[in-house]
Amino acid sequence: MRYLFAFGLSLVVAATAVEAQSANPLSDAVRASWQGARGNITESAAQMPEADYAFKPVDSVRTFGQILAHVAGANYVFCAAAKGEKPPHSEDEFEKSATTKAAIVKALDESLAYCDAAIAALTDATAGDPVDMPFGMPKGQRASPLLMNTGHLNEHYGNLVTYFRIKGMVPPSSRRM
């Protein structure tokens, strides 16, 4: 909850910056945050060589590819909640079925496109609409699963950054600096 509050507060600050330019400053801020997280994940998937998709720093964690496959499945669960739909794929489906870089990237790209539609449909007027939340959580507002998913992408991008650094590679966000 602490992280969600801090993330929400950052959205309010971002919304204030775009308020004069938009009729939907809060949902625009949600979209901007999504685009940043989405870009980091997409660039990470492209940057890592296929041979390193099987890399994991210790046996008790997911491989690089498994993290991306997990993100792909979770995208469907979070974004389906925002859309008011049943998830078309389970959270762990791609971790179990996608084993090559091509299959993982395809699953990831399709899941991101699914979420793009949910993000694009969000307005300030609909952000507070009640929806059934994912993973058995109590009802929440339409924006909540989208914010949680953006936080989830950022969480796992942090994992990927560590994997890049261990491999002696510069992660995407640092490359842009």
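Every read-out reported here was derived from the displayed coordinates using simple, explicitly stated rules and does not represent laboratory data. Predicted, not measured: the structure shown is a model, and the values here were computed from it. Positions of Cβ are generated from backbone atoms using ideal geometry, with glycine treated the same way; all protein chains shown enter the neighbour counts.
For the stretch 82-121 and the stretch 45-68, write down the distance between their C-alpha centroids in whole Å.
Answer, in whole Å: 18.
In degrees, nearest 10, range 0 to 90: what is the angle between the Cα axis of helix 143-166 and the longest Cα principal axis of the chain?
30
Charges only on Cβ, +1 for Lys and Arg, -1 for Asp and Glu: so what's the dipole of the chain about the Cα centre, in debye to the nearest 20?
About 380 debye.
Using the Cβ atoms and a cut-off under 11 Å, what net charge is assigned to the surroundings of residue 43, where Lys and Arg are +1 and Asp and Glu are -1?
Neighbourhood net charge equals +3.
Assuming a strict under-22 Å limit between Cα atoms, what lysine pair count do you get for the stretch 53-133 once near-sequence pairs (fewer than 8 apart, same chain) are dropped?
Summing the qualifying lysine pairs gives 7.
Let me check I've understood the local charge: for residue 125, count other residues with C-beta under 14 angstrom from its C-beta, Lys and Arg +1, Asp and Glu -1. What total comes out?
Within the 14 Å Cβ shell, the charges total -2.
Could you check the simple spin-label distance between residue 54 and residue 23, using points 7 Å along Cα→Cβ, in nm with one decimal?
Between residue 54 and residue 23, the simple spin-label model gives 5.4 nm.
As a check on your grasp of the helix formula, calculate [θ] at 222 nm for the chain: sum -39500 (n - 2.57) over DSSP H runs of n ≥ 4, divide by the residue count, round to the nearest 500.
So the helix-based figure for the chain works out to -21500 deg cm²/dmol.
What distance in nm lies between label points placed 7 Å from Cα along the C-beta direction at residue 125 and residue 102?
Label at residue 125, label at residue 102, 4.6 nm between them.
Pairs of alpha-carbon atoms within less than 8 angstrom and 6+ residues apart define the contacts here; what relative contact order does the chain have, in percent?
Reported relative contact order: 26 percent.
Need the full-extension length gain, residue 166 to residue 35, defined as separation in residues times 0.36 nm minus the C-alpha distance. One decimal, nm.
Result: 44.6 nm gained on full extension.
Between 31, 62, 142, where does the largest GNM mean-square fluctuation fall for the chain, given springs only between Cα atoms within less than 10 Å?
62
Relative to the longest principal axis of the chain, what angle (0 to 90°, nearest 10) does the C-alpha long axis of helix 101-121 take?
Relative to the chain, helix 101-121 is tipped by roughly 0 degrees.
Between beta-carbons, use under 14 Å as the cut-off and find the net charge around residue 134, counting Lys and Arg +1, Asp and Glu -1.
Residues close to residue 134 contribute a combined charge of 0.
For the chain, with a Gaussian network of springs between Cα atoms less than 10 Å apart, report the residue from 55, 94, 135 with the top mean-square fluctuation.
135
If you stretched the chain out fully between residue 109 and residue 141, how much longer would it get, using 0.36 nm times the residue separation minus the C-alpha to C-alpha distance?
Between residue 109 and residue 141, full extension yields an extra 8.9 nm.
Place a +1 charge on the Cβ of each Lys and Arg in the stretch 108-160 and a -1 charge on the Cβ of each Asp and Glu, then give the dipole magnitude about the Cα centre in debye, rounded to the nearest 20.
200
I need the phi-derived Karplus couplings for the stretch 34-40: 6.51 cos²θ - 1.76 cosθ + 1.60, θ = phi - 60°, integer Hz, Gly and Pro marked x.
Calculated HN-Hα couplings, in order: 4, 4, x, 5, 4, x, 4 Hz.
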